[in-house]
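The values are calculated or read from the model by the stated rules, or taken from the named source; none is laboratory data. This is a predicted model, so every value here is computed, not measured. Please note: Cβ atoms are built from the backbone with ideal geometry, for glycine as well, and neighbour counts cover all protein chains shown.
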Amino acid sequence: MFDTDIVLKKLDEAERRAQQVGPVEDAHSLLRAVYSNPAVPLNTRLKAASLAIEYERPKLAVSAVVSGQDLGALLDARTKRIQEGKIGMNGGAKVKTIEAKVNRNSEPPKQVQTKVQAIEEELDL
């Protein structure tokens, strides 16, 4: 029926692969060690990766806050508040815009003047 040599070889191979993985702290570490090991067959690595991914990447899910209003009424109320200036587009308090003031009469810093002079000399301007 069974060839004992083949069975023993397969057991030795399995033990050798287990030793390649080494000691692990928990089940997730074992899965990571298996799918990261190129000596393990690809189908086994894929199975380990598919099991481990649930703990490595969060699932994308839809979350909603349910209130007494429907979505249309909520959007209308928010649009009205934005138009009235009570809230900003980000949903929080209105953001104050700061405008930059440039003083054209002041001299540029000495370092800038030196670089400009060097470029002008280089270009013979």
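Structure values in brief
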read-out	value
Residues of region 37-62 that turn out to be assigned to a loop (DSSP other than H, G, I, E, B), closer than 18 Å to E15 by Cα and of a type outside the set (A, V, I, L, M), as a count	3
Residue check, V34 among the β-branched types (V, I, T) and part of a loop (DSSP other than H, G, I, E, B)	no
Qualifying residue in region 63-71 (condition: of a type outside the set (V, I, T), at pLDDT 85 or above and outside any loop (DSSP other than H, G, I, E, B))	no
Count - residues of region 43-86 that are aliphatic (A, V, I, L, M) and loosely packed, with under 10 Cβ neighbours inside 10 Å	7
